[in-house]
Amino acid sequence: YDRLVAITAVHSLIYSDDPEATRAFFRDVLKWPYLEHPESAPGWLIFKTGPSELGVHPTSYTWEGEDYSHQRHHSISLMCDDIEATVAQLEAKGARFTGPVEDMGFGLGVNVEVPGAGEMLLYEPRHPTAYDL
């Protein structure tokens with residue numbers, strides 16, 4: 001396929017009520033590599049998030065006879081290969097989850113609490129993945 005050569009990555013943003021706690025979660029719990037931007041305020045971390053993919057969902061649709069409607073918004077989810085092992089590992093590092101792992105149809109998922117930034121979906125996909133193309 002033809003790909004625009006100038007696009008090199010996707011940069012995601014999280015707006016947090018407690019950016020230090022949110023950054024500490026990604027740094028200390030998820031152990032994501034990061035760099036500190038030397039021209040920004042101290043502690044302004046930019047994280048390497050690894051492979052990514054982007055899906056585009058409709059704001060209104062019908063699925064299995066039921067109508068759905070959503071506001072326009074953007075969402076960040078974390079993907080893993082083994083949801084039970086990942087949850088156990090993250091809980092051991094202090095991560096908190098909002099409930100048990102559930103079958104969400106597209107995969108097995110659970111929301112993880114990100115300090116200062118609300119919940120983020122962690123899921124083991126059942127759909128084809130594009131991040132390793």
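The values are calculated or read from the model by the stated rules, or taken from the named source; none is laboratory data. Keep in mind that what you see is a predicted model, and the values were worked out from it rather than measured. Because the Cβ atoms are built from the backbone with ideal geometry, glycine has one as well, and the counts that use them run over all protein chains shown. Areas reflect the complete protein model, heavy atoms only, side chains present, ligands, DNA and RNA absent. Shrake-Rupley method; radii C 1.70, N 1.55, O 1.52, S 1.80 Å.
Peptides 111-121, 8-18, 73-83 ordered by packing proxy, namely the average of other Cβ atoms within 10 Å per residue, highest first: 111-121, 73-83, 8-18. The residues of the chain present an accessible area of 78 Å² per residue when probed at 1.4 Å with all protein chains retained. Projecting the Cα positions of THR62, GLY105, PRO33 onto the charge dipole of the chain (unit charges on Cβ atoms of Lys, Arg, Asp and Glu, taken about the Cα centre) puts PRO33 furthest along the positive direction. Its convex hull of Cα atoms gives the chain a direction-averaged projected area, equal to a quarter of the hull surface, of 10.7 nm².
About the centre of its Cα atoms, the chain shows a dipole size close to 440 debye [charges on the beta carbon of Lys, Arg (+1) and Asp, Glu (-1) only; nearest 20 debye].
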